[in-house]
């Protein structure tokens, strides 16, 4: 049965290659556009190269630790997890930084062509992360004949994701905050004005944060779901037979196929539909196909309709999370309109209103996830139904990632058009696509929230199965203490990454101010800023600041488990997941809502420099590190801490 996932993964990679060819064969852009795009590409490549070196620097230490304590199989698969994640991110981002130039250039001639190139660029990322993961996992499964060594693979993927997301998030948001505070607020110049030294770093950050970072996050979720699902499946061989081992892989194949169909539908502009409507059409087509085909697979492989109901409930939970996020963070929802209205009275009310709605925002999705888990378990009576819920939330990862990467591509294209002084018609078209991209990025965060929460739940349920800890008393002081210790950890991680973003943004603000002051003729437009200095500031500090949160996420669960035992570590996991599952979407939704409130004010004709616009920009800059650093980092943290615990589970049994 491994032939099917291998062929599915290869087909996804080949389709991504075909889309990449379609993008790269496009017409050359103007000299101005090409020059701006070359700055972005050089900065993105330099950052990714340094990030890869930093991650690989820790790999030998990780390998030796795993080799001595767990064995060579877990050590080798962990390295494969790191390398595959980096490879998928590098390929996808390389195409993205080329698609932005093609998208900007196509807007001069055809809005339809511009939209299509951006969709294809995002599709390459989505198909690469799922295609590479399922091929490598299937091959490793075939080599070892057991899912247990693949825990190392999931751990490696989680480690790469945490570094990629934290480093990429700090990079992009420090540049974004620096560019906005000095450019928009102090100097009253447009967002992507070429006179602003931090603009290129901001555009580079969209690629390393929203493309490579988010891709690593979803690669981790996709891989972890297959691994934990296969481990749980191995306990059910007496009930279903050997074929149950392959069910998680085959269910993910359904998701890849359904996502590819949705992408193929989305890639063409339908003149009677708006871009958001086209993306929604692709999502619904992918969803319906996933529901139908997952039923076929569940009945053919297991003959158990209750497992299919679990997958169906997972899909529903994912759709509810997306709908809730679009309401609380989308420009069409009441909360964003009220945040924009509050900005007329100043930044304080802008932020208070956003916080109030942000505290509400996780409730609907968490309730739905909990109901899906309880209902699926009560119907089937086995943990494997919750595995089906988990994979159900992740089945459309390829499509979700494609729509997410669409955002930074059109954002970069809009910046390229603005900086190269493209015709107003092209700039306006790209600006409208950029607004669509923000909606798609919010959708991805909602998906990541629901998926990450269920993934973390399944990981620690698998941990309890592996360690034979069937129950423990949370009223016992030691267990209760470790539970509260787990609750505290996400606050510490969020604090560290927010503080790191602020530290880097301070350096960025100082550098942009210095250049405006010292470079004669810069504000007049007769001289050029030094973009490379800002890129270098963001790169060095992002890579330096990502080490401590990564170390805490790995060292704390491993040390605590080895010293205090499985019950203490289980308590820590429950507290950490419960806390991060609420904090993560809170940060994501507040930050996105503040961003969209600013856009709503700008689209409503409020001029730069007005009191209302200045309040909205301040709110946006506060929300930036919340939605693109703290929120995504917590979603990865709660999966990484679980995989770290699962890694040492055999030692605690």
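The values are calculated or read from the model by the stated rules, or taken from the named source; none is laboratory data. This is a predicted model, so every value here is computed, not measured. We place every Cβ from the backbone using ideal geometry, glycine too, and count neighbours over all the protein chains shown.
Of the residues in region 55-83, how many are under 25 Å from the mean Cα position of the chain (by Cα) and surrounded by fewer than 16 Cβ atoms within 10 Å (Cβ to Cβ)?
Qualifying residue count for the region: 2.
Pull out all pairs, ordered by first then second residue, where Cβ-Cβ is under 6 Å, the residues are six or more apart or on different chains, the first lies in region 153-168 and is in contact (Cβ under 8 Å) with a residue 40 or more places away in the chain, and the second is surrounded by fewer than 24 Cβ atoms within 10 Å (Cβ to Cβ) and not in a helix (DSSP H, G or I).
Taking only residues 6 or more apart or on different chains, not a single pair turns up.
The rows are residues; the columns are (1) part of a helix (DSSP H, G or I); (2) modelled with pLDDT of 80 or more; (3) over 30 Å from residue 38 (Cβ atoms); (4) out of contact with any strand residue (DSSP E or B) (no Cβ under 7 Å at 6 or more places or on another chain).
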residue	(1), (2), (3), (4)
193	no, no, no, yes
202	yes, yes, no, yes
224	yes, yes, yes, yes
249	yes, yes, yes, yes
252	yes, yes, yes, yes
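For the structure I just gave you, tell me whether residue 565 is over 30 Å from residue 45 (Cβ atoms), surrounded by fewer than 19 Cβ atoms within 10 Å (Cβ to Cβ) and in contact (Cβ under 8 Å) with a residue 12 or more places away in the chain.
For residue 565, the condition - over 30 Å from residue 45 (Cβ atoms), surrounded by fewer than 19 Cβ atoms within 10 Å (Cβ to Cβ) and in contact (Cβ under 8 Å) with a residue 12 or more places away in the chain - is met.
Somewhere in region 554-570, is a residue at pLDDT 85 or above and under 30 Å from residue 322 (Cβ atoms)?
No, region 554-570 contains no residue that is at pLDDT 85 or above and under 30 Å from residue 322 (Cβ atoms).
Please pick out the residue among 524, 502, 566, 593 that is over 27 Å from the mean Cα position of the chain (by Cα) and farther than 25 Å from residue 470 by Cα.
Only one candidate passes the filter, namely 524.
Does residue 285 satisfy being over 22 Å from the mean Cα position of the chain (by Cα) and either at pLDDT 85 or above or not in a helix (DSSP H, G or I) (or both)?
Considered against the rule, which asks whether it is over 22 Å from the mean Cα position of the chain (by Cα) and either at pLDDT 85 or above or not in a helix (DSSP H, G or I) (or both), residue 285 comes out as yes.
Please go through (1) under 30 Å from residue 323 (Cβ atoms); (2) free of Cβ contacts under 8 Å to residues at least 12 places away in the same chain for residue 581 and return the number of the only condition it doesn't satisfy.
(2)
May I ask you to list the residues in region 396-426 that are over 30 Å from residue 284 (Cβ atoms) and outside any helix (DSSP H, G or I)?
If the condition is that a residue be over 30 Å from residue 284 (Cβ atoms) and outside any helix (DSSP H, G or I), then 420, 421, 422, 423 are the ones that fit.
Is it true that some residue in region 1-15 is in contact with a helix residue (DSSP H, G or I) (Cβ under 8 Å, 6 or more places away or on another chain) and outside any helix (DSSP H, G or I)?
Checking region 1-15: at least one residue is in contact with a helix residue (DSSP H, G or I) (Cβ under 8 Å, 6 or more places away or on another chain) and outside any helix (DSSP H, G or I).
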